Amino acid sequence: MNEERKATITDVARRAGVSTATAGRVLGGYGYSSTEMKTRVQDAATALGYSPNLLARSLITGLTRTIGFVAGDIQSPFYAKILRGISDAADEAGFALLITNSDETIEREVDAIRLLREKQVDGMIVSPCDTQRSPHLRDAAAATPLVLIDRQVRGLDVDSIGVDNVEAVQTGIARLIERGHRRIGMVAELQSTRPDELATFVSGICADPATDVSTLYPSWQRLAGFVRAHTAAGVPVDLSLIAQVGDYSMEEAERQARAMLARSDRPSALFTADGLMTEGTMHAITACGLRIPDDLSLVGFDELDWMAFVSPGIDAIAQPRRLMGQRATQMLIERMDQADLAPRKLTLAARQILRGSVRTVTPTG
């Protein structure tokens, strides 16, 4: 062959001694071909340096072999680990990956979904901003396989994957109560639209711990676990010890935590509802000159790399983030192959990692 001319599928078929249609099936990954045929065609393609025409393949199969991912905040360690898992599973299955970022805003998420649909991805993995309405996701799900990760959308019957936030936090807070802590503070985003929403939510969970919170934002699910642990132990929930940050901001988390720790009746332990809240709270603890765990016990939701390297290490409730990404991708590919599967909800277990940031105290009150 003339080295300046790219090898074509006809060249591959001729070298392998098969029809062009057979070579197309093997290289396109569709239809049936015997193992012998596959080996001959693939060896011929390798020898000729053949590069498939992906556009032509997509016109034949109706597939682009591409998956789209909409992350809430690509800079967050939480999404970085999920992305690693998605990338690994997609690469193993022979899919390319398009990554977009919503910055936790509905406007950018709508734009991201529109872009992915225009790119004709074969399926999407999305961590939705709006867990109650999301009409753009409902439209997308009607046309494209969709898996929701970390969060669900009320009434949207598609595959989803996450952890049991309520159970994981209830277990972690119950351990604090068992260690004698009665004044436990919480630092969480907890965005709300009504001034009384926090009090109403807490009183509702106290009255009915079995309330379904599965389609609420994760920080509210974690608050439900926090409240359930108190209720189960007969310990009243002090609303003044719940820092409702309201904005996904490390600086605001630090400000709120500093205000709580400056009180004469400050809590003996703090629970932070995600990695960003933990980082802001650590800044506040340092600024207040407090020592962990002598002056304050601390448990954080989500495992961050630095938690194992400070002294003492920080106790964490760890989500299997990389596994979440891998399983979400596998679910999506299965959905592409079997569109009539009933919607699946996969719940993975979180781990309680103990490193010494919680001490036993004598209960008061």
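The values are calculated or read from the model by the stated rules, or taken from the named source; none is laboratory data. Because the structure is predicted, anything quoted here is derived from the model rather than measured. Neighbour counts are summed over all protein chains in view; Cβ atoms, including those assigned to glycine, are modelled from backbone coordinates with ideal geometry.
Against the test of being of a type in the set (Gly, Ala, Ser), farther than 28 Å from residue 124 by Cβ and not in a helix (DSSP H, G or I), the options 172, 162, 246, 204 yield a single qualifying residue, 246.
Selection of segment 275-302 for residues being surrounded by 22 or more Cβ atoms within 10 Å (Cβ to Cβ) and within 19 Å of residue 171 (Cα to Cα) yields 278, 297, 298, 299, 300, 301, 302.
Conditions tested, residue by residue: (1) hydroxyl-bearing (Ser, Thr, Tyr); (2) at positive phi; (3) crowded, with 17+ Cβ neighbours inside 10 Å.
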{"residue": "315", "(1), (2), (3)": "no, no, yes"}
{"residue": "323", "(1), (2), (3)": "no, no, no"}
{"residue": "326", "(1), (2), (3)": "no, no, yes"}
{"residue": "339", "(1), (2), (3)": "no, no, no"}
{"residue": "347", "(1), (2), (3)": "yes, no, no"}
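Restricted to strands (runs of 3 or more DSSP E) entirely inside segment 258-365, those with at least 1 residues that are polar (S, T, N, Q) and at pLDDT 95 or above are 269-272, 297-301, 345-348, 351-353.
Going by the structure shown, is residue 212 free of Cβ contacts under 8 Å to residues at least 12 places away in the same chain and either within 25 Å of residue 149 (Cβ to Cβ) or in contact with a strand residue (DSSP E or B) (Cβ under 9 Å, 6 or more places away or on another chain) (or both)?
It is true that residue 212 is free of Cβ contacts under 8 Å to residues at least 12 places away in the same chain and either within 25 Å of residue 149 (Cβ to Cβ) or in contact with a strand residue (DSSP E or B) (Cβ under 9 Å, 6 or more places away or on another chain) (or both).
For segment 116-133, the criterion of being polar (S, T, N, Q) and free of Cβ contacts under 8 Å to residues at least 60 places away in the same chain is satisfied by at least one residue.
Residue 214 meets all of the listed conditions (1) modelled with pLDDT of 95 or more; (2) within 25 Å of the chain's Cα centre (by Cα) but one, namely (1).
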